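*Asks:* Here it is, the structure, as structure tokens.
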Amino acid sequence: HGTSKVNARGHLEIGGLDTVELAEQFGTPLYVYDVALIRERARGFKQTFENLGVTAQVAYASKAFSSIGMVQLVDEEGLSLDVVSGGELYTAIAAKFPVERIHFHGNNKSKEELEMALKYKIGCIVVDNFYELELLESVCESMDTNTKILLRVTPGVEAHTHEYITTGQADSKFGFDLQNGQAEKALTIALASSRMEVLGLHCHIGSQIFETAGFLIAAQKIFEKLNEWKESLAFESEVLNLGGGFGIRYTNEDQPLPAAQYVAEIIEEVQKQVEKYAMNMPEIWIEPGRSLVGDAGTTLYKVGSRKEVPNIRQYVAVDGGMSDNIRPALYQAKYEAVLANRALETTCETVSIAGKCCESGDMLIWDIPLPKPGSDDLLAVFCTGAYGYAMANNYNRIPRPPVVFVENGQAKLVVKRETYEDLIRMDLSIKEKINN
Ligand code: LLP
């Protein structure tokens, strides 16, 4: 997919570069991002809204992969940016991302984080709960400033992959419940505040979603309430943010819709609702993470040891694992892989790819056909662009791998490999008398 292909040497190539050479130049493990594919995905979302004639903002959910280079790329493509912590906001500011296009999410933003958001005058704060409503009011007061907000509501729809559940009341840590009066109460408070300008509502119903039904039902539930509030609170939602969650294909078990189709079906439903209740069409915001960067990322590993459990399994170990991709261990997530240096070979055996961390659960892929991987072969695991580096960790004191952007035959290092010195940089000796 994307710009990846197999070249004449039988090597996997991404962005016009031979992955064997990338591994030699930058070492392994290595995250490689196909920049052209990210641009294509970003433009695809924007184009879809344009074709439908709908005013929209597409915000990249930077939790999927945040780094200065990535944020700069998002800016180059003219998207907005969703941040969920002071750290992600700091990264955006360091990347000089236009502050008016930053949205701040989170169910427990601290006073310091809210102060930071207000100091930089970011575009919008997505208020999640009553505590935050009060805290934000008082922080605005003490800084003598004001802010635009969205209210995050929980419509009682939860969607994962193919299933979605609807309940009268959503058992979720996020947002104001739409059904039990919380959302209305929050809106009443926010509308009365001279410090907050309520742009509209936000909801996010889940991640890695394959069907649109959950989005449509969420929209219907929101519009039912908007219709009530038109009268009772004289409130009209200028903006409706329907979150992210559009699924991608990791393996053949996954059958997502094309991104444009999610958007088109959602817009069609919103337009229906707008007509039904004789409202103005709100500006539609979405905030995809995974579907912008997921399949653009590939992780390259070097194959090392092997262990045979006779008649049961061939374990093939690589030089990374749950420290750079925790998703298989955490979510039983499945991935596809090839031997990047022998990509044309077809005589395969079934092996299981083990990580190098000291725990049995550190398996990247179970039972995958590969052409007899041996030590020093290069394994490419696909679709690691979302929540891979973002959730990487230093378990077993393994340094985090670097990230390289490739495009048009050019490689650009955007995150350096951690060093052993980096690993102990925060450590303090108990042998020092004064150590602070
Ligand atoms: N907006 C909000 C408010 C969210 O909570 C999320 C993801 C997104 C947008 C982006 O969702 P996406 O388009 O990426 O599905 N670590 C998990 C995924 C957690 C997603 C959390 N929220 C994983 O690796 O699958």
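*Asks:* What is the sum of charges around R397, taking Lys and Arg as +1, Asp and Glu as -1, for the other residues whose C-beta is under 15 Å from the C-beta of R397? Walk me through the numbers before you get to the answer.
*Replies:* Working: positive: K356, R400, R417, R425; negative: D319, D324, E359, D362, E418, E421, D422, D427.
With Lys, Arg at +1 and Asp, Glu at -1, the neighbours total -4.
*Asks:* Take M279, M196 and order them by how many other Cβ atoms sit within 10 Å, fewest up front.
*Replies:* Numbers: M279 16, M196 21.
Arranged by neighbour count, lowest to highest, M279, M196 become M279, M196.
*Asks:* Would you mind checking which residues have amide H under 5 Å from H202's amide H? H placed 1.01 Å from N; only 5 or more apart, or other chain.
*Replies:* The list, which skips near neighbours in sequence, is L151, R152, V153, N241.
*Asks:* Within 10 Å of each residue's Cβ, count the other Cβ atoms and sort R313, R397 from fewest upward. Don't skip to the end; give the middle numbers.
*Replies:* On the way: R313 15, R397 10.
Listed from fewest to most nearby Cβ atoms, that is R397, R313.
*Asks:* Express the C-alpha Rg of the chain as a ratio against the empirical globular expectation 2.2 N^0.38 Å, rounded to two decimals.
*Replies:* Values: Rg = 23.4 Å, N = 436, 2.2 N^0.38 = 22.2 Å.
That works out to 1.06 for the chain.
*Asks:* Arrange the peptides 412-423, 380-391, 42-53 so that the one whose residues have, on average, the most other Cβ atoms within 10 Å appears first.
*Replies:* Details: 412-423: 13.6, 380-391: 24.2, 42-53: 15.9.
Highest-to-lowest ranking by the protection proxy: 380-391, 42-53, 412-423.
*Asks:* Further question on the same structure: Go through 7-18, 123-134 and give me the packing order, highest mean Cβ count within 10 Å leading. Present the calculation step by step, with values, prior to reporting the outcome.
*Replies:* Numbers: 7-18: 19.1, 123-134: 20.6.
Ranked from most to least packed, the peptides come out as 123-134, 7-18.
*Asks:* Assuming R0 = 51 Å, can you tell me the calculated FRET efficiency for the pair V274 and R425, based on Cβ-Cβ distance, to the nearest 0.05? Please list the in-between numbers first.
*Replies:* Working: r = 54 Å, r/R0 = 1.05.
Taking R0 as 51 Å, the efficiency between V274 and R425 is 0.45.
*Asks:* Further question: Any idea which of P288, N129, L242 is furthest toward the positive side of the dipole for the chain, if Lys and Arg beta-carbons carry +1 and Asp and Glu beta-carbons -1?
*Replies:* Comparing the listed Cα positions along the dipole, P288 ranks first.
*Asks:* Ranked highest first by the average count of other Cβ atoms within 10 Å around their residues, in what order do 175-182, 137-144 fall?
*Replies:* Numbers: 175-182: 18.6, 137-144: 14.6.
My ranking of the peptides, most packed first, is 175-182, 137-144.
*Asks:* Antiparallel DSSP bridges in the chain: what percent, to the nearest 5? If you can, show how the numbers build up before the last one.
*Replies:* Details: 35 of 72 bridges.
The antiparallel proportion sits near 50 percent.
*Asks:* Oh, and also: Using just the Cα positions, wrap region 116-251 in a convex hull and report its mean projected area in square nanometres, one decimal place.
*Replies:* Working: hull surface 35.5 nm².
Projected over every direction and averaged, the Cα hull of region 116-251 covers 8.9 nm².
*Asks:* For region 320-403, take every pair of Cα atoms, bin their distances at 5 Å starting from 0, and report each bin as a whole percent.
*Replies:* Histogram of Cα-Cα distances, whole percents per bin: 3, 14, 25, 24, 19, 10, 3, 0.
*Asks:* Write down the Kirkwood hydrodynamic radius of region 62-104, to one decimal in angstroms, obtained as one divided by the mean of 1/r over all alpha carbon pairs. Intermediate values should be presented prior to the final figure.
*Replies:* Details: mean 1/r = 0.1025 Å⁻¹.
After inverting the mean inverse Cα-Cα distance, the result is 9.8 Å.
*Asks:* How large is Rg/Rh for region 35-293, to two decimals, with Cα atoms and a Kirkwood Rh? Write down the numbers at each step before the final one.
*Replies:* Working: Rg = 17.4 Å, Rh = 18.4 Å.
Answer for region 35-293: 0.94.
Bear in mind that the values in this text are calculations on the coordinates, not laboratory data. Predicted model, so just to flag it, every value in this text is computed and none were measured. Please note: Cβ atoms are built from the backbone with ideal geometry, for glycine as well, and neighbour counts cover all protein chains shown.
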